[in-house]
1. Would you check if residue A:196 is assigned by TED's automatic domain parsing to the domain that holds residue A:16, touching a residue at least 24 places away in the same chain (Cβ under 8 Å) and either crowded, with 24+ Cβ neighbours inside 10 Å or within 17 Å of residue A:170 (Cα to Cα) (or both)?
2. Any chance the range A:4-12 includes a residue that's in contact (Cβ under 8 Å) with a residue 40 or more places away in the chain, within 13 Å of another protein chain (Cβ to nearest Cβ), in a helix (DSSP H, G or I) and more than 26 Å from the chain's Cα centre (by Cα)?
3. Tally the residues that are touching a helix residue (DSSP H, G or I) at 6+ places or on another chain (Cβ under 6 Å) and either part of a strand (DSSP E or B) or surrounded by fewer than 20 Cβ atoms within 10 Å (Cβ to Cβ) (or both), restricting the search to the range A:118-140.
4. Of all residues being surrounded by 18 or more Cβ atoms within 10 Å (Cβ to Cβ) and out of contact with any strand residue (DSSP E or B) (no Cβ under 8 Å at 6 or more places or on another chain) in the range B:291-305, which is nearest to residue B:342 (Cα to Cα)? Just the residue, please.
5. Restricting attention to the range A:12-26, does a residue exist that is surrounded by 23 or more Cβ atoms within 10 Å (Cβ to Cβ) and in contact with a strand residue (DSSP E or B) (Cβ under 8 Å, 6 or more places away or on another chain)?
6. Can you tell me which condition residue A:275 does not meet? The list is (1) at pLDDT below 95; (2) surrounded by fewer than 23 Cβ atoms within 10 Å (Cβ to Cβ); (3) within 23 Å of the chain's Cα centre (by Cα); (4) under 30 Å from residue A:162 (Cα atoms), and all the others hold.
7. Could you say which residue among A:30, A:41 is at pLDDT 85 or above, under 21 Å from residue A:194 (Cβ atoms) and in a strand (DSSP E or B)?
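The values are calculated or read from the model by the stated rules, or taken from the named source; none is laboratory data. Given the structure is predicted, the values throughout are model-derived calculations rather than measurements. Methodologically, a virtual Cβ is constructed for each residue, glycine included, from the backbone with ideal geometry; neighbour enumeration extends over all protein chains shown.
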């Protein structure tokens with residue numbers, strides 16, 4: 001048993017595929033919220049295995065994609081300072097700001113480093129006491145506990161040369177925004193399994209109630225997704241709403257209490273701007289006043305940095321599931337992972353990049369050309 | 001909750017389109033590298049040999065014989081630089097790598113590697129003992145591969161202006177008269193054989209760098225492949241093409257093949273050998289083994305009727321023990337590599353865009 005292959009086994013996958021086909025009588029539109037799930041879906045060709053009546057739309061659950069432009073610009077401004085060591089998860093480096101990305105800052109001499117854990121930044125800060133180590137704290141609820149832990153530890157250890165540039169966003173407000181949109185087409189959700197590992201799924205119960213929809217907390221392996229889709233279709237067909245937990249091997253209703261307590265200790269809920277979507281009320285975290293000394297925005301006075309977004313791509317429509325990536329005129333032409341026009345093409349979790357990398361658009365083109 | 005959000009008017013920004021500086025990604029062996037070659041190098045330096053973009057250049061020396069159109073001896077020639085960190089890693093070091101890399105680029109062209117040169121860029125302050133170890137291991141690697149290092153150069157740069165040591169090796173080899181391998185030679189119906197497990201080198205390096213520990217030490221696969229290629233060509237002269245999937249991994253090697261031969265490649269995911277540890281590390285780091293570097297593996301394209309014979313010959317060689325047919329050449333989707341996933345869906349395997357980046361979650 002290694003917790004990988006048994007969730008990628010073609011035999012049960014086939015059974016689930018047949019089960020989904022046999023329960024589906026009407027067209028259904030289901031959104032997977034999380035970018036990691038989008039990735040699995042296109043990587044394994046899961047959408048191809050579904051009956052035509054079941055349509056998956058890809059939600060705004062990629063932290064890289066939804067981090068607003070001005071925050072990238074703030075990161076670029078801070079990372080360009082000679083007195084700063086700027087640390088980030090790898091895939092934020094390619095996200096374009098209004099003029100440059102962090103790779104370009106690095107190429108021009110900035111000290112930009114990829115880390116795997118925010119706690120690594122504390123070690124770097126202790127090693128370079130004369131420079132400030134700034135961590136780009138992006139992500140959904142999933143990455144908030146380690147980020148909170150880094151800040152909490154820094155305070156405890158009295159580390160003065162550490163700060164975080166916070167851009168945390170939350171899933172339930174985004175789901176609420178999508179469901180409240182007049183153009184909403186989503187009838188059921190696959191809940192983001194890793195977010196719920198931390199937060200539990202209590203907060204999704206009122207959502208399911210208010211909008212009368214099924215939400216199935218779902219894992220990330222192909223069989224998880226097929227089973228999550230199966231459960232969601234069953235609930236839709238039976239006219240039931242509520243929260244179901246497919247990912248019970250990792251998720252409990254109350255989530256991870258110590259992690260939640262730590263997050264609550266360090267962060268408070270605030271309005272956040274989402275790239276491609278706009279400001280969603282009460283949709284993110286910021287540092288509590290007790291931890292304000294670790295706020296990179298105020299330390300480096302970049303709060304006022306404002307930028308204009310241009311009108312090139314349709315990622316706003318894609319992030320709420322109103323369009324598929326290949327329906328964008330720029331997709332795969334002027335917009336590719338090397339030359340992204342929008343954030344959804346930047347991150348490997350972004351819907352456009354997932355479509356591009358795993359070839360949906362090229363297959364569509366091939367089919368088209370052979371007609 | 002406030003007013004519903006007007007999604008339809010929301011847009012995404014247009015970011016940078018050109019880089020003013022060289023990025024690390026330009027050295028990844030993926031699309032940015034290909035861009036650099038196409039936009040910067042080939043326009044100035046391109047000629048009929050370089051523009052073929054094989055792993056090695058094959059040139060004829062001496063006058064063309066009159067009458068029968070045959071040329072003189074064909075020489076394979078290649079060069080490669082090595083900038084690995086850490087210098088010493090499980091399964092090898094920068095010295096062995098510098099010999100293996102160049103020997104392999106010659107070997108996969110069907111050449112018998114003969115002579116190497118080595119140029120060293122040393123950073124002031126490099127421990128002499130480290131240099132001695134590296135040089136000793138280069139000699140050992142040359143002995144094992146049966147090549148002679150016959151020319152060299154040394155430069156030293158200021159402390160902080162290099163990364164301890166950079167090594168560039170060049171090599172020449174002789175191509176037997178009856179061997180004509182080319183990246184343009186793949187034909188629909190051909191089988192694609194991989195000589196062993198994927199991603200060992202890249203993950204061994206990364207696990208040292210990132211401090212990831214496994215129950216067993218994962219070693220780089222760094223090795224000279226000329227013994228294996230000799231055995232392969234002796235058994236199966238019909239081999240169309242060989243490549244060693246180094247930087248950019250299997251995906252780059254196969255995409256280059258698909259483009260150059262104007263054919264499609266159909267891979268079967270479950271046929272591709274990947275070590276459990278490599279698989280686990282890739283899962284943890286958010287990487288894909290298809291894009292991870294190898295330093296002792298090759299792919300061979302062979303007519304279907306000869307595939308079994310070649311596979312048996314490869315498996316008899318220590319460096320081909322885990323060899324497997326991983327896919328075939330098809331006439332559909334020319335220029336593209338498509339892989340059937342474990343659960344049966346298809347995906348396109350594209351070239352790496354820039355560097356392979358660890359994902360957030």
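1. It is true that residue A:196 is assigned by TED's automatic domain parsing to the domain that holds residue A:16, touching a residue at least 24 places away in the same chain (Cβ under 8 Å) and either crowded, with 24+ Cβ neighbours inside 10 Å or within 17 Å of residue A:170 (Cα to Cα) (or both).
2. Taking every residue of the range A:4-12 in turn, at least one turns out to be in contact (Cβ under 8 Å) with a residue 40 or more places away in the chain, within 13 Å of another protein chain (Cβ to nearest Cβ), in a helix (DSSP H, G or I) and more than 26 Å from the chain's Cα centre (by Cα).
3. Here the count works out to 8.
4. First, the residues of the range B:291-305 that are surrounded by 18 or more Cβ atoms within 10 Å (Cβ to Cβ): B:291-302.
Next, only the ones that are out of contact with any strand residue (DSSP E or B) (no Cβ under 8 Å at 6 or more places or on another chain) stay: B:291-294, B:296.
Numbers: B:291: 18, B:292: 19, B:293: 22, B:294: 23, B:296: 26 Å.
So the residue we want is B:291.
5. No, because not a single residue in the range A:12-26 is surrounded by 23 or more Cβ atoms within 10 Å (Cβ to Cβ) and in contact with a strand residue (DSSP E or B) (Cβ under 8 Å, 6 or more places away or on another chain).
6. Failing condition for residue A:275: (2).
7. A:30
Let's see how each residue does on (1) surrounded by fewer than 20 Cβ atoms within 10 Å (Cβ to Cβ); (2) modelled with pLDDT of 95 or more; (3) in contact with a strand residue (DSSP E or B) (Cβ under 9 Å, 6 or more places away or on another chain):
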{"site": "B:161", "(1), (2), (3)": "yes, no, yes"}
{"site": "B:168", "(1), (2), (3)": "yes, yes, yes"}
{"site": "B:196", "(1), (2), (3)": "no, yes, yes"}
{"site": "B:205", "(1), (2), (3)": "no, no, yes"}
